[in-house]
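Visitor: Dumping the structure here so I can ask a few things about it.
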């Protein structure tokens, strides 16, 4: 199966991969002699919190992705839209998937129990994600949807910390097994 997607999306996915792998390698090398890194209780607590945060991040990506799929009409590249989506979670915030996935570095850092990743690398990567969304995602959406997107920006924030929006973003969906 051949997957088609835009160059912009491929670059962003590659950056995500490099950040997570590079951050992990850097942090593990930095933490090798850190006493906290060898503390079993620290790893247990961090691991549990990390799993919860990763689950929330993937729920956000899945919930946002399902709604965003409504913006794909016709044969267009994967992870792209050609219709502005303003329904569902996108009525609360403009970038729900990326807001949720911004938690990915922190969840991963906690899961591997790296003090350096938790305190230094993850916050840097989270900030980088915010900049990437602010600069690239916003610009691309404005180029693609023009005045409709500018009006949408006036009415809907990039992210929302309202409880009702967060519940929709991180909602656990029941699956039939």
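Visitor: Please verify whether residue 94 is surrounded by 12 or more Cβ atoms within 10 Å (Cβ to Cβ) and at pLDDT below 90, treating the condition exactly as stated.
Guide: no
Visitor: Would you please list the contacts, defined by Cβ atoms under 6 Å and residues six or more apart or on different chains, that run from a residue in segment 135-156 that is farther than 19 Å from residue 99 by Cβ to a residue that is surrounded by 14 or more Cβ atoms within 10 Å (Cβ to Cβ)?
Guide: 145/84; 148/84
Visitor: Same structure, new question: Within segment 158-175, restricting attention to residues that are touching a helix residue (DSSP H, G or I) at 6+ places or on another chain (Cβ under 9 Å) and surrounded by fewer than 16 Cβ atoms within 10 Å (Cβ to Cβ), which residue is modelled with the lowest pLDDT?
Guide: 173
Visitor: Tell me whether segment 59-76 contains one or more residues that are surrounded by 14 or more Cβ atoms within 10 Å (Cβ to Cβ), within 22 Å of residue 137 (Cβ to Cβ) and at pLDDT 90 or above.
Guide: Yes.
Visitor: Also, quick follow-up: For segment 23-54, give me the residue count where each residue is within 24 Å of the chain's Cα centre (by Cα) and either without any contact (Cβ under 8 Å) to a residue 60 or more places away in the chain or within 15 Å of residue 105 (Cβ to Cβ) (or both).
Guide: 15
Visitor: If you don't mind, there's one more thing I want to ask. Checking residue 132 against (1) modelled with pLDDT of 90 or more; (2) surrounded by 15 or more Cβ atoms within 10 Å (Cβ to Cβ), only one condition comes out false. Which one?
Guide: Only one criterion in (1) modelled with pLDDT of 90 or more; (2) surrounded by 15 or more Cβ atoms within 10 Å (Cβ to Cβ) is unmet by residue 132, namely (1).
Visitor: For segment 80-139, which helices (runs of 4 or more DSSP H) that fit wholly inside it have 1 or more residues that are under 11 Å from the mean Cα position of the chain (by Cα) and more than 30 Å from residue 28 (Cα to Cα)?
Guide: 96-101
The values are calculated or read from the model by the stated rules, or taken from the named source; none is laboratory data. Just so you know, these numbers come straight off a predicted model, no measurement behind them. All Cβ positions, glycine included, derive from the backbone under ideal geometry; neighbour counts span all protein chains shown.
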